[in-house]
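Q: One structure follows; several queries about it will come next.
The values are calculated or read from the model by the stated rules, or taken from the named source; none is laboratory data. Everything numeric here is computed off the predicted structure, so don't read it as measured data. With ideal geometry, Cβ positions are generated from the backbone for all residues, glycine too; neighbour counts draw on all protein chains shown. Please note that ligands, DNA and RNA were not included when accessible areas were found on the heavy atoms of the full protein model with its side chains. Shrake-Rupley method; radii C 1.70, N 1.55, O 1.52, S 1.80 Å.
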Amino acid sequence: MAAKDPNDTPMMRQYRSFKERYPGYLLLFRMGDFYETFGDDAVTVAEALSITLTSRDKGREDAVPLAGIPIKALDTYLPRLLRRGYKVALAEQLEDPAQAKGLVERGVVRLYTQGTLFEEELLPDGGANYLAAVHADRRGFGLALCELSTGELLLADYAGGEARRTLLGELARRRPREFLLSEAAGFLRDELDSAAVTLRPAGDFSRADAERRLREHYGVGSLEGYGAAGFGAALGAAGAVLAYLEETQLGEPVALRPPRPLHGVSKLLLDRSTIDTLELVSSAGDRASSKRSLLALLDHSATPMGRRLLHRWLVAPLARLEPIMTRQAAVAELAEDARARKRLVAALSGTGDLERAVGRAAHRRAGARDLVLIRENLRRAPELTEWLGRREGAHWSELGAGLEELTALRALLERGLVEEPGRLGSGAVIARGYDEAFDRALDELDEAEEWIRNLQQTERERSGVDSLKVGFNKVFGYYLEIPRSRSDEVPEHYIRKQTLVAAERFITPELKEKEAVITRSRERLAGLEGRIFRRLLEEVAGWAGPLGELAGALARLDVITSLAATAAELGWCRPEIDEGLVLEIEEGRHPLVERHTAGPFVPNDCRLDADERQIMLLTGPNMAGKSTYIRQLGLAVVLAQVGSFVPARRMRLGLVDAVYTRVGAADDIARGLSTFMVEMTETARIVNCATPRSLLLLDEVGRGTSTSDGVAIAWAVAEHIHNAGGLGARTVFATHYHELTRLVEELPRAFNMQLAVSEDGGEVRFLHRVEPGAARTSYGVHVARLAGLPRGVVRRARALLRQFEKDRLGAPTAQLTLAPAAPVDNEPDYAWLAAELRSANPDALTPLAALNLLAQWRGRLEADGGDDEGNQPAGG
């Protein structure tokens, strides 16, 4: 007779049935005080969480891997799994194992995915939690962005030759946490910066099915009223979002606000490179942190929803004059009124995350704290409405329109909820007077508990045992405890229940009767309170639309106050903005460098226009401040078009439609792209997509290849920006190629500027001041000395530099020769290595050829006796 398979048990069959029902999910399976995982899931979870991997039936060849996490540690481990892109199914015990007859009943009660979260502890505070669906058809791409915790649904179609680039740029700005791709859009997978990417069936993206699904969801006969009927692939993407939500919410209602066009208001285009380069929402050294970003500098928000809105404003500033000026006027008014700012901060500080509380209520997932938060905001709304009614200006009236009193809902929550609710089901959430049946159950419970509270004193007086105590435990319930030394004084009607070392415990019929009343009342109260709360929650969900408007108005007010506080505290100026093409800044500063660097910041001016000063050719030494200067120009434009003040004495800005940056590059090894290819790809995108209203900030174009190629490419790019018909974009072109300074002789709208340097007695000092003219040299050897290169290397570099400059004056670059170097302090001769390095072309070498070449150089260096300090070369 074959041995029974220990893995084929009722419990394991139950586990496998859940796995089959939810493929693609890690299944956390409740067993007592642990959530267990088995098989491949266990291997994955153990690796992801760095926990012990064990097995069932150890010692067997077919032992099943096992890994578990304590129930109380779920809040710690679950976010880590989600951040790594895993989807998680939670299977709970649906009955008390002690009461179960056979296999414990279990069920999957929650599906967690990165883009479908509600739980406050799992959601990011500083940004939105978008789920993105992307579909492709013959016309282009469709995008649907959903923020389930707030109910936001945004749609956009992208067509034409730049559709793919524009779509990826939008995704880079919004940074969704999870992606759904149609099979037709699956080729985009490698270009998305996310581990949470799911390919969905083509049927989910069917436009006809999407229209039907959306009409049913919103209960309308047509989508025309939402402006959604005109969408193409985006409508299919929206249908896929809704199908996915219905699947992941396990039958719970899905509450989405009506869809809105993503690009309903013209926005300043910022691609991912620009957002990262300018450190708008994350730090250059740590993209996961916002601590040293512009967002952190501006963030005086009193609410999480204000912080998220500030994030959205920074990555998508406005590009139309009227809304910019409306925002700016509100910021200016508060910047000059410290008392008003203080009052608003106080009013907003108790607001909490109303936006997400409303989202949870709309999905019937809100708790008592969420409804209390909504009630507190409704209490504050009239005061804010009255305050805004006294202000003049379009922005204040717009905000006031969102702060409706919602009087009926406020009255309902005032009557229905206690001031400080406890645990739902304990009788500590619903207020007295709201429901008669609930009040009767509460009175019955209060009466019985009051009897218990008085019992100890009553029985002490009745029995004469002054050390008698009333206690409770889960095994016996309520009991009377008397010291054993006084057991002969126990009244006759006491019933002995337990004997301990130092005491005896008793019950009485009357005590058990009151205990039964308490148990019955609590059970009845829990059921009643749960039903009443669900009715109350249903009422609140019906107000989700107006409540969402209220939350949006409070968030906007929070951001305006935050921008005003920054302007006032840092002494920023109100920029002048018009429809022209001039960018003029007096004494501009880089706000992040100024904040995080010791010592005074050196301010600088700038003027760019379309007529005489279109292209600034900026030269100067490395470390002198070229990159800081061009970044501060980009930051000033972003801030101005957000509606903020700017770090300058004065600024005049002709509206910009896009800011493009090409600052630094890194190898994209995963996609097989070298530094130079990344650089050229980004440069090509810029010159192909820029318009006369764009601002181009280019730093060291062409440095990823040889000097001759680099100069040629940089020269040609500058010519194209200047001469291409209809381009003429305002441009700052920072370069270390001094040959480019001659462009001013050929391009009438190009001009030279330089970072000033002071030389005194052989000592070089960078002044960080931008002034007219072209730099004479890059001072590279000086920078090498500052960086700590050995003195001998620096002296040799100076000697070689003098020879290079001498040869360059007398011969073409191709005919340069290297004279043998005279020994300096017994230094080895490295001239041959300099020549080899100059002639090598890294982009033309295979990895194997590069390794062979390095081996040859290392062998020769070792034969020459190492470096001048007697050490072996690096790696030796």
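Q: Going by the alpha-carbon gyration tensor, a ≥ b ≥ c the square roots of its eigenvalues, is the chain rounded (a/c under 1.5) or, if a/c is not under 1.5, prolate (a/b greater than b/c) versus oblate?
A: Details: a/c = 2.19, a/b = 1.74, b/c = 1.26.
Cα axes put the chain in the prolate bin.
Q: Something else now. Order HIS217, HIS493 by their accessible area, 1.4 angstrom probe, all chains in place, largest first.
A: Values: HIS217 55, HIS493 90 Å².
The ordering from most to least exposed comes out as HIS493, HIS217.
Q: Then there is this: Once you place label points 7 Å from the Cα toward the Cβ at GLU398 and ALA684, how far apart are they in nm?
A: Label-label distance for GLU398 and ALA684, simple model: 4.0 nm.
Q: Report LYS497's accessible area, 1.4 Å probe, all protein chains in place, as a number in Å² to the nearest 10.
A: 100 Å²
Q: Still on this model: Given R₀ = 22 Å, what would the calculated FRET efficiency be for THR458 paired with SER426, taking r from the Cβ atoms and rounding to 0.05?
A: So, using R0 = 22 Å, E works out to roughly 0.25.
Q: Moving on to the next point. Of ALA340, HIS311, PRO323, which is farthest along the charge dipole of the range 308-349 in the positive direction, counting Lys and Arg as +1 and Asp and Glu as -1 at C-beta?
A: Of the options given, the answer is HIS311.
Q: Can you flag which of LYS291/LYS342; LYS469/LYS514; LYS474/LYS512; LYS87/LYS291 are past 22 Å Cα-Cα?
A: Numbers: LYS291/LYS342 24 Å; LYS469/LYS514 17 Å; LYS474/LYS512 14 Å; LYS87/LYS291 29 Å.
The answer is LYS291/LYS342; LYS87/LYS291.
Q: Count neighbours as other Cβ atoms within 10 Å of each site's Cβ, and list the GluC sites (Glu not before Pro) in the range 738-770 that are DSSP loop with at most 15 such neighbours. Can you show the working numbers first?
A: On the way: sites: GLU739, GLU745, GLU746, GLU759, GLU763; in loops: GLU746.
Loop-located and lightly packed - GLU746.
Q: For the chain, what is the charge dipole size about the Cα centre, in debye to the nearest 20, if Lys and Arg each add +1 at the Cβ and Asp and Glu each add -1 at the Cβ? Could the numbers behind the result be given before it?
A: Numbers: 113 positive and 127 negative charges, 30 e Å.
Value, rounded to 20: 140 debye.
Q: Peptides 637-647, 550-560, 534-544: what's the order by average Cβ count within 10 Å, highest mean first? Walk me through the numbers on the way to the answer.
A: Values: 637-647: 26.8, 550-560: 25.2, 534-544: 17.0.
Peptide ranking by packing, descending: 637-647, 550-560, 534-544.
Q: Right, another one. First compute the accessible area of the chain with a 1.4 Å probe, then give the percent of it belonging to carbon and sulfur atoms.
A: Summing carbon and sulfur atoms, their accessible area is 50 percent of the total for the chain.
Q: I want to check the label-to-label distance for ARG858 and GLU162. Put each point 7 Å from Cα in the C-beta direction and report it in nm to one decimal.
A: With each label placed 7 Å out from Cα toward Cβ, I get 4.8 nm.
Q: Another question, then. With all protein chains present and a 1.4 Å probe, how do TYR86, TYR479 order by accessible area, largest first? Please list the in-between numbers first.
A: Numbers: TYR86 70, TYR479 25 Å².
Ranked from most to least accessible, the order is TYR86, TYR479.
Q: Could you tell me which residue out of PRO790, PRO176, VAL638 lies farthest along the dipole of the chain toward its positive end? Charges go on the beta carbon: Lys and Arg +1, Asp and Glu -1, centred on the Cα centre.
A: PRO790
Q: Skip the ligands, DNA and RNA, and give the accessible area per residue of the chain with a 1.4 Å probe, whole Å². Before the final figure, lay out each step's value.
A: Details: 40870 Å² over 876 residues.
Accessible area per residue, the chain: 47 Å².
Q: On the full set of protein chains, 1.4 Å probe, figure out the accessible area of ARG212 and give it in Å² to the nearest 10.
A: Accessible area of ARG212: about 90 Å².
Q: Also, quick follow-up: Quick one: which of 309-321, 413-425 comes out on top by average Cβ neighbours within 10 Å, and what's the full order, highest first? It would help to have the intermediate numbers written out before the result.
A: Values: 309-321: 20.8, 413-425: 15.2.
Highest to lowest by the protection proxy: 309-321, 413-425.
Q: Place +1 on the Cβ of every Lys and Arg and -1 on the Cβ of every Asp and Glu in the range 473-597, take the dipole about the Cα centre, and give the residue among HIS590, VAL475, ILE577 whose Cα lies farthest towards its positive end.
A: Result: VAL475, furthest along the dipole toward the positive end.
Q: For THR9, THR116, give me the order by solvent-accessible area with a 1.4 Å probe, most accessible first, ignoring ligands, DNA and RNA. It would help to have the intermediate numbers written out before the result.
A: Working: THR9 35, THR116 0 Å².
In descending accessible area the options line up as THR9, THR116.
Q: Right, here's the next one. If I ignore ligands, DNA and RNA and count only protein heavy atoms, how much of ARG307 is accessible to a 1.4 Å probe, in Å² to the nearest 10?
A: Around 60 Å² of this residue is reachable by solvent.
Q: Could you compute the FRET efficiency for LYS512 and ASP33, with r as their C-beta to C-beta distance and R0 at 35 Å, rounded to 0.05?
A: Values: r = 32 Å, r/R0 = 0.90.
Efficiency at R0 = 35 Å is approximately 0.65.
Q: While we're on this one: Sum -39500 (n - 2.57) across every DSSP H segment of at least 4 residues in the chain, then divide by the residue count to get the 222 nm mean residue ellipticity, nearest 500.
A: Numbers: 26 runs with 371 residues, N = 876.
After summing the helix terms and dividing by the residues of the chain, the value is -13500 deg cm²/dmol.
Q: A further question on this structure: For the chain, what are the DSSP H helices with axial Cα length of 18 Å or more and mean Kyte-Doolittle hydropathy of at least 0.5? List each step's numbers first, then the result.
A: Working: long enough: 233-248 (23 Å, 1.04); 321-335 (20 Å, 0.54); 368-389 (32 Å, -0.35); 436-463 (39 Å, -1.49); 509-541 (48 Å, -0.56); 544-570 (39 Å, 0.96); 626-642 (25 Å, 0.79); 675-689 (21 Å, 0.45); 707-723 (24 Å, 0.29); 791-810 (29 Å, -0.80); 847-864 (26 Å, 0.02).
TM-like helix candidates: 233-248, 321-335, 544-570, 626-642.
Q: Given the chain, what percent of its DSSP beta bridges are antiparallel, to the nearest 5?
A: Working: 65 of 103 bridges.
Close to 65 percent.
Q: Which value, in debye to the nearest 20, describes the size of the charge dipole of the range 591-632 about its Cα centre when Lys and Arg Cβ atoms bear +1, Asp and Glu Cβ atoms bear -1, and nothing else is charged?
A: Working: 5 positive and 5 negative charges, 48 e Å.
My answer is approximately 240 debye.
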